[in-house]
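Contents: one structure, followed by commentary.
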């Protein structure tokens, strides 16, 4: 699923913890506000409602150094649309295993920030369009290791480096507003978009259709929606209409 067609993709999230689909507040364990069995059925529901790509995050991988590979495989078997996957990708070997499973796009955070050469190698071996660097921010600083450690840089200050070494796109999550359903400031997203020539996908705080409309004018190539669709603040079918507004 390329970002090259000029449209902004609206991408539903399926976050996995202990083999279940959950929604956390600001990524903190114990804040589960949504817990649903069979994440693969949830992913299929979003596909059936018109999603062109599904955003899957392995929270156990990101937070506890274990993986949900069995559940990830179930999702891949259940849906026919592409999957972009992140969470707990800490080694080249695991990244390669996932890419060989036909994950469309791999979202790499901590490993890429600590070992940038892994981004270059994966991009070279699998194609830059399949490698997405995750530049998430809290208090305007990049955070890693399940959003528990800060790097004293803004995403827009290090984004060009990752474009230059082979990242094909950027996932930007605004952790300050993630899961709170209270809206967000678009300024950091605009700064990031203007800092690079590769596509930027935004996540965090999207609560209303107006939020999606607002993002459609920032230059981001995708928006990830989580809590808002699970808590029925946004109807996914209505949100998907904004894919055609540019």
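Please compute the contact order of region 107-246 in relative form: average sequence separation of alpha-carbon pairs under 8 Å and at least six residues apart, divided by the residue count, as a percent.
Once divided by the residue count of region 107-246, the mean separation gives 19 percent.
Extension gain, residue 114 to residue 18: 0.36 nm times the residue separation minus the Cα-Cα distance gives 31.9 nm. Label-to-label distance, residue 66 versus residue 125, with points set 7 angstrom from Cα along the beta-carbon direction: 2.7 nm. Among beta bridges from DSSP that stay inside the chain, the antiparallel ones total about 30%. Here the sum of -39500 (n - 2.57) over DSSP H runs of 4 or more residues, divided by the residues of the chain, equals -9500 deg cm²/dmol at 222 nm, to the nearest 500.
Give the order of 24, 69 when sorted by the count of other beta carbons within 10 angstrom, beginning with the fewest.
69, 24
For 133, 36, the sequence from fewest to most other C-beta atoms within 10 Å is 36, 133.
Once the Cβ-Cβ distance of residue 231 and residue 139 is raised to the sixth power relative to R0 = 25 Å, the FRET efficiency obtained is 0.45. In this label model, residue 38 and residue 194 are separated by 4.8 nm, measuring between points 7 Å along each Cα→Cβ vector.
Extension gain for residue 49-residue 148 works out to 32.2 nm (0.36 nm per residue, less the C-alpha to C-alpha distance).
Calculated over region 9-244, the projected area of the Cα convex hull averaged across directions stands at 10.8 nm².
Taking all Cα pairs closer than 8 Å and separated by 6 or more residues, the relative contact order of region 9-244 comes to 18 percent.
Rule-based calculations on the coordinates, nothing more; no lab input. Keep in mind that what you see is a predicted model, and the values were worked out from it rather than measured. Reconstructed Cβ throughout: ideal geometry from the backbone, glycine too, with neighbour counts over all protein chains shown.
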